[in-house]
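**Student:** Have a look at this one before I ask anything.
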Amino acid sequence: MTLTVKSVARVSLVSTLVLAAAGAAVLAASPASGAASTLAAAAQQSGRYFGTAVAANKLGDSTYTGILNREFDMVTAENEMKMDATEPNQGQFSYGNADRIVNQARNQGKRVRGHALAWHSQQPGWMQNMSGTALRNAMLNHVTQVATYYRGKIYAWDVVNEAFADGSSGGRRDSNLQRTGNDWIEAAFRAARAADPGAKLCYNDYNTDNWSHAKTQGVYRMVQDFKSRGVPIDCVGFQAHFNSGNPVPSNYHTTLQNFAALGVDVQITELDIEGSGSTQAQQYQGVTQACLAVARCTGITVWGIRDTDSWRASGTPLLFDGSGNKKAAYTSVLNALNAGTGTTTPPTSTTTTTSNPGGGGCTATYSEGEKWSDRFNGQVTVSGTDNWIVTVTVSSPQRIIATWNTSASWDSANVMTARPNGSGNTFGFTIMHGGNWNWPTVSCRVA
């Protein structure tokens with residue numbers, strides 16, 4: 001995240017995780033009796049964290065620090081650990097404001113995400129004027145010095161930030177760092193590992209939420225390559241800056257799951273969603289549920305505490321209003337965290353199969369997935385053809401609230417028709433069960 005408004009792609013998407021045809025109701029206005037009453041406590045029940053970005057100049061604000069101390073267990077310095085703040089003059093390091101944030105967090109028993117060691121933006125002036133070998137050596141020295149200074153105090157570092165280009169290329173961003181050699185990202189990760197072997201090392205970027213986007217695929221290929229060659233990368237950060245023109249994509253769960261399948265943790269690192277009321281609350285709920293549905297999604301960080309603290313303040317994108325009051329979005333997140341913890345079970349191998357009544361070699365196999373107190377996941381695998389239509393029927397009061405890896409439409413509130421969307425022959429969905437735990441029925445026919 002930058003001090004100026006980032007270029008967030010205004011891509012119009014067909015649907016979001018939380019806007020299924022039957023509609024997704026905002027969760028109850030208050031947590032259930034006995035449930036955790038803060039974001040951190042609710043997230044901890046499933047082994048996750050819930051964090052926020054913090055600005056050093058707001059630590060004297062009692063309302064701000066009161067919410068910070070009560071609600072969050074992970075802290076990210078908003079700007080104080082970036083390159084211009086920590087090395088304002090070459091070889092002269094300045095940690096005062098960053099130390100204020102780190103010390104405040106650790107004194108309160110919170111962990112810290114380090115953000116960010118190497119980035120094309122918010123470089124100090126001396127670095128902006130460098131190039132080639134001199135710049136590369138200066139960047140690596142910066143990574144080494146800062147990571148060494150905070151060794152043992154940082155849970156995870158955003159080692160490299162926003163190195164891929166927007167648009168259809170799926171390639172690297174043209175920057176002074178990129179022009180030092182295509183292996184600069186790998187070199188930064190290796191330097192960070194040597195400086196702080198105990199910290200998780202993350203690549204962090206924005207507009208990587210939609211699985212079908214070229215930028216997402218470009219980052220995926222890099223992580224896949226790094227893992228195959230033993231480059232030290234432990235996690236991928238998804239900034240998750242959403243608005244009406246760039247909503248939570250319907251395949252968000254797919255994106256998180258596919259990256260996690262590479263053997264890295266996934267973290268939602270800079271979450272904010274412009275809007276208000278139930279629409280904003282539903283979007284926040286969907287992001288939270290997507291993280292809960294992926295075992296290696298280890299935590300969520302919102303980018304600020306109150307709307308007025310946000311870099312997008314006019315869009316009121318956070319969980320607390322300017323006075324520090326909890327918004328509907330806060331309640332939707334808290335209840336989603338409470339509903340998604342303590343009752344999850346691993347997927348079972350039990351399946352039910354319904355073959356195409358008319359023949360033609362189309363078979364749909366349903367597998368049970370994770371279960372929560374209010375919903376459960378299901379997965380359907382189709383065999384016999386790549387040109388299939390699967391009908392999924394749920395029983396009232398059940399409703400399907402999210403799908404992934406398929407193009408879905410609804411014949412009624414209880415009947416969904418699924419078709420291939422280029423993601424293969426396995427797709428999934430989330431069912432709000434309303435007290436009815438019965439599996440859906442599935443049938444398949446060749447299109």
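**Student:** Do you know the relative contact order of the chain, to the nearest whole percent, from alpha carbon pairs under 8 angstrom that are 6+ apart?
**Tutor:** 16 percent
**Student:** Right, next: Collect residues whose amide H, placed 1.01 Å from N in the peptide plane, falls under 5 Å from the amide H of GLU87; neighbours closer than 5 in sequence don't count.
**Tutor:** Correct list: SER94.
**Student:** Within the chain, what percent of beta bridges assigned by DSSP are antiparallel, to the nearest 5?
**Tutor:** The answer is about 55 percent antiparallel.
**Student:** Can I ask one more? Using a 1.4 Å probe over the heavy atoms of the protein chains, calculate the carbon and sulfur portion of the accessible area of the chain as a whole percent.
**Tutor:** Percent of accessible area from carbon and sulfur atoms in the chain: 47.
**Student:** While we're looking at this one, here's another question. As a test of the formula, what do you get for the chain when each DSSP H run with n ≥ 4 contributes -39,500 (n - 2.57) and the sum is divided by the residue count, at 222 nm and rounded to the nearest 500 deg cm²/dmol?
**Tutor:** Value at 222 nm, helices only, nearest 500: -8000 deg cm²/dmol.
**Student:** Of the peptides 113-123, 307-317, how do they stack up when ordered by the mean number of other Cβ atoms within 10 Å, highest first?
**Tutor:** Per-residue Cβ counts within 10 Å, averaged per peptide and sorted highest first, yield 113-123, 307-317.
**Student:** Over 18 Å between C-alpha atoms is what I'm after, so list which of LYS327/LYS371; LYS153/LYS200; LYS110/LYS153 land there.
**Tutor:** Pairs exceeding 18 Å: LYS327/LYS371.
**Student:** Modelling each spin label as a point 7 Å along the Cα-to-Cβ direction, I'd like the SER395/ASP183 distance in nm, to one decimal.
**Tutor:** 6.1 nm
**Student:** In whole Hz, what ³J(HN,Hα) sequence does region 266-271 give by Karplus (6.51, -1.76, 1.60; θ = phi - 60°), x for Gly and Pro?
**Tutor:** Taking θ as phi minus 60°, the curve returns 10, 9, 8, 9, 9, 5 Hz for region 266-271.
**Student:** Please work out which option in (i) 21.4, 67; (ii) 30.7, 100; (iii) 22.5, 75 gives Rg and Dmax of the Cα atoms in Å calculated from these coordinates, and answer with its label.
**Tutor:** Calculated Rg and Dmax of the Cα atoms in Å: the matching label is (iii).
**Student:** Could you give the length gained by full extension between SER37 and ASN129, i.e. 0.36 nm per residue of separation minus their alpha carbon distance, to one decimal place?
**Tutor:** Values: separation 92, 0.36 × 92 = 33.12 nm, distance 5.00 nm.
The SER37-ASN129 span can extend by a further 28.1 nm.
**Student:** For the chain, give the magnitude of the charge dipole about the Cα centre (Cβ charges: +1 Lys/Arg, -1 Asp/Glu; no others), in debye to the nearest 20.
**Tutor:** 380 debye
**Student:** Roughly speaking, what is the stretch gain from ARG221 to SER443, that is 0.36 nm per residue apart minus the C-alpha to C-alpha distance, in nm to one decimal?
**Tutor:** 76.4 nm
**Student:** Under the rule of at least 5 residues apart or a separate chain, name every residue whose amide H is placed under 5 Å from the amide H of ASN421.
**Tutor:** Residues meeting the criterion, in which the H sits 1.01 Å from N, are SER407.
**Student:** In terms of the Cα gyration tensor, with a ≥ b ≥ c the square roots of its eigenvalues, is region 184-252 rounded because a/c is under 1.5, prolate because a/b exceeds b/c, or oblate?
**Tutor:** prolate
**Student:** Based on the Cβ-Cβ distance from ASN69 to GLN90, what FRET efficiency comes out when R0 is 35 Å, to the nearest 0.05?
**Tutor:** Once rounded, the FRET efficiency stands at 0.40.
**Student:** While we're here: DSSP beta bridges in region 238-310, what fraction antiparallel, as a percent rounded to 5?
**Tutor:** Numbers: 1 of 8 bridges.
So the antiparallel bridges in region 238-310 amount to around 10 percent.
**Student:** Between SER212 and THR148, how many nm apart are label points set 7 Å from Cα along the C-beta direction?
**Tutor:** Roughly 4.9 nm, to one decimal.
**Student:** Mind checking the full-extension length gain between SER169 and GLN108? Use 0.36 nm per residue of separation minus the Cα-Cα distance, one decimal, nm.
**Tutor:** Extra length from SER169 to GLN108 when fully extended: 17.5 nm.
**Student:** Long-range amide H contacts for LYS110: which residues qualify at under 5 Å (H placed 1.01 Å from N, peptide plane, sequence gap of 5 or more or a different chain)?
**Tutor:** Counting only residues 5 or more places away or on other chains, the set is empty.
**Student:** With the other protein chains left in place, how much accessible area per residue, in square angstrom, belongs to the chain at a 1.4 angstrom probe?
**Tutor:** Averaged over the residues of the chain, the accessible area is 36 Å².
**Student:** Specify the residue with the greatest mean-square fluctuation among THR180, THR301, THR86, computed from a Gaussian network of the chain linking alpha-carbon atoms under 10 Å apart.
**Tutor:** Result for the chain, Cα springs under 10 Å: THR180 fluctuates most.
**Student:** Further question: Karplus couplings for region 185-193 from phi (6.51 cos²θ - 1.76 cosθ + 1.60, θ = phi - 60°), rounded to Hz, Gly and Pro as x?
**Tutor:** For region 185-193, the Karplus-derived couplings read 5, 4, 4, 5, 5, 5, 5, 5, 5 Hz, x marking Gly and Pro.
**Student:** Now, a different point. Across region 314-320, in residue order, what do the Karplus-derived ³J(HN,Hα) couplings come to in whole Hz, using 6.51 cos²θ - 1.76 cosθ + 1.60 with θ = phi - 60° and x for Gly and Pro?
**Tutor:** For region 314-320, the Karplus-derived couplings read 5, x, 6, x, 10, 8, 10 Hz, x marking Gly and Pro.
**Student:** Still on this structure, please answer the following. Select from ASP73, ASP174, ASP99 the residue whose mean-square fluctuation is largest in a Gaussian network model of the chain (Cα-Cα springs shorter than 10 Å).
**Tutor:** It is ASP174.
The values are calculated or read from the model by the stated rules, or taken from the named source; none is laboratory data. Quantities reported herein were computed from a predicted structural model and do not represent experimental measurements. FYI the Cβ positions are ideal-geometry reconstructions off the backbone, even for glycines, and counts take in every protein chain you see. Accessible surface areas use protein heavy atoms only, side chains included; no ligands, DNA or RNA. Shrake-Rupley method; radii C 1.70, N 1.55, O 1.52, S 1.80 Å.
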